[in-house]
Each structure stands twice: as C-alpha cells, then as structure tokens.
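Since the structure comes first, as structure tokens, the remarks are kept for the end.
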Amino acid sequence: MRPRLAVGLVGLGAMGRQHARLLSELPGVELAALCDVSPEARAWAEELFEVPIFDDWRHLVRHDVPAIVNALPTPEHYETTRAFLEAGKAVLVEKPIAATVDEANELVAIAEHNEAILMVGHVERFNPAVRALQREIEAGNLGEVVNIGSRRVGVARPVAPRTNVVIDLAIHDIDICRFLLGEQGRLVFASGVALGSNLLEDHADIVLRYGRTVASLQANWITPVKIRRLAVTGTGGFAEVDYLTQSLRMFEGVPSVFKGSVWNFFAVAHESEPRNVEVERVEPLRAELEHFVDCVTNETVPLGDPRQATQALALAMNATDVIRGRQTL
C-alpha cells in the first residue's frame, strides 16, 4: 500500500479552513502541519487537529512535508511560494498566483528550475458543470463560439480586502474563458468604481476578445443576491452554466424562421428545446485538492496551469490599470 502524502497548510483564513477540513478527510492524505500568524486561527486549529501548528511559515519550509497548500493573502504569495519551491516542495497556491505579473513569472521559472510542481487554485476549473461545458464545446455542439457572458456578483464585500473585485472575483471568469477557448485574450474595455471611501474597486465590467469571440464579464460585491453564471453563444447553439447549482443547459441548433407575409415586419423564430446535461455534482475544492495530490503522487501535469494563471493575472491587472487611468486601450 502506498504511504499517505503528507501535506502542510499555511493560512487559516476562510479559504484556508476549508482546505484544512478537506485535507483532513481525503484518503491518501496526511494533514501534517498547519501555520497561521493569528493566535485565534491557531486556537481554532488546535481544537480540531492533532498536528504541529506554527506561527511562522518558515517552519513549514524546514518541516519534512513534500507538499504545501498556500492559502495566505495574495500579497504574501510570492515570498512564501518561492521559498517552498526552492526547498523542493510541491505547491498549490490559491489564486491569484501572485500580486504582480513579474512575481508570477518568477515563480513559474523557479518551479521549472527546481523541477517542482506548482499549481494555482483556480477552483472553477474543477466545477463539474464547467468541465461538462468544455466537453460540449470540444464536441462541436455549439458550433463556433462567438460570445461568452458571465455574471459573478454578490453578496458582501470582504471586511478588509487585499485586492479589488477584478483580481478577487472577475479573475475566475477570465481564467475560465482561457480554459474554454484555449487561447489568451486581450482587453478591449474595462470600467469599475470603488464605492464611498473604499480604496479598491467594488464593481467592474470587463470586455475581452479571444480571436473572433467576445467575452463580457460583470463582477461586484454589492448585489444583494449571490449569482455565479456563465452563458456561451455559438453558431450552433447556446449554453448556460450555473456555477452554484452545478447545472448546464444546452439549446442546440440554429433558429428556424417562419417566413410569413411580407407585411409582417417581425420574423417569428421557433425556440430550441433545452437539453439538461447530466452533471455529477462534486465539491470543486475537494476535486482540486484530489487533483493536486494526484499530480504530486503520480507526477502528472496540473490542470491549474501556472502559466495560464499568470495570463489571467495579467489581464486582471491590465483591466485594473485601465480602470484607474494608468493605462489606455
């Protein structure tokens, strides 16, 4: 029997605590060490896990664990991930990969130099509805994709956000567009506003172009209902994903137009009947962690590609610069 993979976790905020829960449950995994600077977070962990708990991430660099999950705030991703990679550890770092594109590129180079696995936690890639949509697109069931529309809004602004709504929320859909279309996009429009005395943008609208495909993305923290939806229009149909319910509806075919009297100004189109695609629901974060463990154990290539994560960050930073007037299109 293969020994369990020992995994350390740094960062016990809201996301880190979900990682801790799942790592403690996964077969083939030993949650071997935890770390957080907060006494409250360490006290929380002490009540639930009988593992070493540190107050400084440098202890994890020296600790005998081959794999690390890095759930620290974004500004701390670069220094910590770099140290873990240079120590030869496999790293799953939460999105975004780093705070700047230069930092991200350096992390990719360090991982390649040290032959260490670096995976980025773009968790929506592991949403089964998204994976089902990817298969439908690859099978040609939508024809040529001409438009993607996403709405990722609500439901509350973080108490003390370290990044704006573009880098915190919209980056998910920027990455999913790259994932579905297989190419890097370019920014054609970005608008956003920080509300009241806030320093970081609370809502944003972004338009990207991927060859002949246009993607329109909306993200905010202010809508009083949580919506996570993606719509894809193709020359052969239309698809609609609800990230939250993990559902996928397909409307295939082209509209058949009723050719009535020439005096009838409006053509009458007959709608396609929806096809509900069967999706086996899973917890995306669990699937992401299982994939990371498989990558470390079997030396497979991570689906959370760090180069593509860097491209997503570059577009999010580009949009932020345009919103703030530091760059023009």
**Request:** Go through the stretch 273-312 and give me each residue that's hydrophobic (A, V, I, L, M, F, W, C) and outside any helix (DSSP H, G or I).
**Result:** Val277, Val279, Val282, Val301, Leu303
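Between Asp36, Asp64, which is touching a strand residue (DSSP E or B) at 6+ places or on another chain (Cβ under 8 Å), more than 20 Å from Arg286 (Cα to Cα), without any contact (Cβ under 8 Å) to a residue 60 or more places away in the chain and buried (at least 16 other Cβ atoms within 10 Å of the Cβ)? It would help to see each step written out before you state the result.
Numbers: Asp64 fails: buried (at least 16 other Cβ atoms within 10 Å of the Cβ).
That would be Asp36, the only listed residue that is touching a strand residue (DSSP E or B) at 6+ places or on another chain (Cβ under 8 Å), more than 20 Å from Arg286 (Cα to Cα), without any contact (Cβ under 8 Å) to a residue 60 or more places away in the chain and buried (at least 16 other Cβ atoms within 10 Å of the Cβ).
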**Item:** Complete set of residues in the stretch 68-90 that are crowded, with 17+ Cβ neighbours inside 10 Å, outside any loop (DSSP other than H, G, I, E, B) and out of contact with any Ser or Thr (no Cβ under 9 Å at 6 or more places or on another chain)
**Value:** Val69, Glu76, His77, Thr80, Thr81, Arg82, Ala83, Phe84, Leu85, Ala90
**Message:** Tell me which strands (runs of 3 or more DSSP E) are completely within the stretch 184-259 and hold 3 or more residues being of a type outside the set (A, V, I, L, M, F, W, C), or say none if there are none.
**Reply:** 186-193, 203-210, 213-220, 227-234, 237-242, 247-252
**Prompt:** Do we find a residue being on the phi < 0 side of the Ramachandran plot, outside any loop (DSSP other than H, G, I, E, B), crowded, with 21+ Cβ neighbours inside 10 Å and in contact with a strand residue (DSSP E or B) (Cβ under 6 Å, 6 or more places away or on another chain) anywhere in the stretch 93-107?
**Reply:** yes
**Request:** Could you pull out the residue among Asp64, Asp102 that is at pLDDT below 95 and either closer than 23 Å to Val166 by Cα or among the charged types (D, E, K, R) (or both)?
**Result:** Asp64
**Asked** Which of (1) of a type in the set (Gly, Ala, Ser); (2) part of a loop (DSSP other than H, G, I, E, B); (3) modelled with pLDDT of 95 or more does Ala160 not meet, given it meets every other one?
**Response** (3)
**Residue match in the stretch 167-177 (condition: modelled with pLDDT of 95 or more and assigned to a loop (DSSP other than H, G, I, E, B))** = no
**Request:** Name every residue in the stretch 14-33 that is surrounded by 15 or more Cβ atoms within 10 Å (Cβ to Cβ) and either touching a residue at least 60 places away in the same chain (Cβ under 8 Å) or not assigned by TED's automatic domain parsing to the domain that holds Pro75 (or both), in order of residue number.
**Result:** Met15, Gln18, His19, Leu22, Leu23, Leu26, Val29
**Message:** Being in contact with a Leu (Cβ under 6 Å, 6 or more places away or on another chain) and surrounded by fewer than 17 Cβ atoms within 10 Å (Cβ to Cβ) is the filter here; which residues of the stretch 1-13 pass it?
**Reply:** none
**Message:** Exactly one of these conditions fails for Ile222: (1) touching a Leu at 6+ places or on another chain (Cβ under 8 Å); (2) surrounded by fewer than 15 Cβ atoms within 10 Å (Cβ to Cβ); (3) at pLDDT 95 or above. Give me its number.
**Reply:** (3)
**Prompt:** Going through the stretch 131-180 one residue at a time, which ones are farther than 23 Å from Arg249 by Cβ and either surrounded by fewer than 20 Cβ atoms within 10 Å (Cβ to Cβ) or out of contact with any helix residue (DSSP H, G or I) (no Cβ under 7 Å at 6 or more places or on another chain) (or both)?
**Reply:** Val155, Ala156, Arg157, Pro158, Val159, Ala160, Pro161, Arg162, Thr163, Val165, Asp168, Leu169
**Request:** Kindly check whether there is at least one residue in the stretch 4-18 that is of a type in the set (Val, Ile, Thr) and under 26 Å from the mean Cα position of the chain (by Cα).
**Result:** yes
**Request:** Could you please find all residues in the stretch 278-326 being among the hydroxyl-bearing types (Ser, Thr, Tyr) and either free of Cβ contacts under 8 Å to residues at least 60 places away in the same chain or crowded, with 18+ Cβ neighbours inside 10 Å (or both)?
**Result:** Thr300, Thr310, Thr320
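The values are calculated or read from the model by the stated rules, or taken from the named source; none is laboratory data. Values in this document were obtained by computation on a predicted structure and should not be read as measured data. Ideal geometry is used to build each Cβ from the backbone, glycine not excepted, and the neighbour counts take in all protein chains shown.
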